[in-house]
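Chemist: First, the structure itself, so that you have it in front of you.
Nothing in this text is a laboratory measurement; each read-out follows from the coordinates by a stated rule. Note that the structure is predicted; figures quoted are calculated from it, not measured. Using ideal geometry, Cβ is built from the backbone for each residue, glycine included, and neighbour counts are taken over all protein chains shown.
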Amino acid sequence: MIGSFLNVLIYRIPEGKDFVKERSHCPNCGKLVFWYENIPVLSYIFLKGKCSKCGWKIPLIYPTVEIITGLASWALMPTILDSMNLGLYLFFFSVFCCFLVHFIIDVKVQILPDVINIFLGVVFLAYAISFYSYNFWLLGAGVGYFFPYLVSYGFKKLRGVDGLGLGDVKLFGVLGIMLGPLGIVQNIFMSCMLGTIVFLILIPVFKLNRETKVPFGPFIILVASAQIFFPDAFDKFSRLLFF
């Protein structure tokens with residue numbers, strides 16, 4: 001059911017719709033979705049990917065998000081088995097869900113919603129207060145927010161256009177709480193590098209030009225995911241890259 005709720009967030013947040021009280025319904029005809037039509041993946045198969053009333057084709061992203069969320073919840077189970085700590089499992093799963101929602105929304109409409117950044121910040125802060133020193137997460141948040149903000153401000157003064165969206169800047173600040181000053185600097189550098197490589201690859205494929213806007217959030221999230229979920233592998237890779 002978590003995957004179904006994430007789909008609600010992905011669809012409703014960009015449109016400014018209520019995602020708590022309002023019942024699930026078909027975006028095309030408004031038909032209410034009953035519980036048996038809202039079973040992750042199975043309902044999509046049962047309904048043959050269409051609304052039972054108007055026949056509107058349900059986007060493939062819906063079952064995809066449900067499958068990814070289910071796989072993530074299963075993949076994170078060793079967290080409980082290794083540490084016997086349900087709170088740690090909920091922390092990592094919450095972070096994954098926020099990253100997934102951010103990633104898809106930014107790809108679709110090129111925004112990183114404040115509500116997700118705020119929730120992610122609260123989750124990171126709860127973890128940081130428990131495991132890190134105040135200097136670590138405060139400095140990380142400061143570097144994560146102000147460094148990209150100043151770079152974006154300078155870029156706009158020179159070029160007349162935003163170098164980074166404010167949502168990206170806020171996300172860097174939030175991630176700084178978890179990653180600390182060194183970790184967030186690594187994220188900034190590597191997400192820029194990854195974004196540049198992907199953009200250069202996409203130029204001939206989709207005939208992009210220098211003025212084409214490409215969402216930057218997914219690259220920040222991919223690097224942050226490696227840092228948080230695979231810290232040992234990320235550390236080895238960064239050592240090869242920087243030394």
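Chemist: Which loop chymotrypsin sites (Phe, Trp or Tyr not before Pro) in segment 11-76, with loop taken from DSSP, have no more than 16 other Cβ atoms within 10 angstrom of their Cβ?
Modeler: Working: sites: Tyr11, Phe19, Phe34, Trp35, Tyr36, Tyr44, Phe46, Trp56, Trp74; in loops: Phe19, Phe34, Trp56.
Sparse-neighbourhood loop chymotrypsin sites (Phe, Trp or Tyr not before Pro): Phe19, Phe34, Trp56.
Chemist: If the reach is capped at under 29 angstrom between alpha carbons, list the lysines near Lys156, excluding any in the same chain fewer than eight residues apart.
Modeler: The qualifying lysines are Lys108, Lys170, Lys207, Lys213.
Chemist: Only helical DSSP H runs with n ≥ 4 go in: add -39500 (n - 2.57) per run for the chain, normalise by residue count and round the 222 nm mean residue ellipticity to 500 deg cm²/dmol.
Modeler: Roughly -24000 deg cm²/dmol at 222 nm, from the helical runs in the chain.
Chemist: When only C-alpha pairs under 8 Å and at least 6 residues apart count, what is the relative contact order of the chain, in percent? All intermediate terms of the calculation are to be shown ahead of the outcome.
Modeler: On the way: 250 pairs, mean separation 38.3, N = 243.
Once normalised by length, the contact order is 16 percent.
Chemist: Against the longest alpha carbon principal axis of the chain, how many degrees, from 0 to 90 and to the nearest 10, is the axis of helix 217-229 turned?
Modeler: Around 80 degrees separate the two axes.
Chemist: Could you compute the longest span of the chain free of GluC sites (Glu not before Pro) located in DSSP loops and having at most 14 other Cβ atoms within 10 Å, not counting the site residues?
Modeler: Excluding the exposed sites themselves, the longest stretch runs over 23-210.
Chemist: In addition: Grab the beta carbon distance between Ala233 and Thr64, set R0 = 22 Å, and tell me the FRET efficiency rounded to 0.05.
Modeler: Values: r = 25 Å, r/R0 = 1.14.
With R0 = 22 Å, the Cβ-Cβ based efficiency is 0.30.
Chemist: Follow-up question, since we're still on this one. Whole-Hz Karplus ³J(HN,Hα) for segment 85-90, in order, using 6.51 cos²θ - 1.76 cosθ + 1.60 and θ = phi - 60°, x for Gly and Pro?
Modeler: For segment 85-90, the Karplus-derived couplings read 10, 5, x, 5, 4, 5 Hz, x marking Gly and Pro.
Chemist: Same structure, new question: For the chain, what is the convex hull volume of the alpha-carbon atoms per residue, in Å³?
Modeler: So the per-residue Cα hull volume is 162 Å³.
Chemist: Count the net charge of all other residues whose Cβ sits under 13 Å from the Cβ of Val169, scoring Lys and Arg as +1 and Asp and Glu as -1.
Modeler: Once all neighbours under 13 Å are counted, the net charge is -1.
Chemist: In nm, give the distance between the simple-model label positions of Phe155 and Phe119, each being 7 Å from the Cα along the Cα-to-Cβ direction.
Modeler: Taking the two extended label points, one gets 2.8 nm.
Chemist: To continue, here is another question. For Lys50, enumerate residues with amide H under 5 Å from its amide H, sequence gap 5+ or separate chain, H modeled in the peptide plane.
Modeler: Ile58
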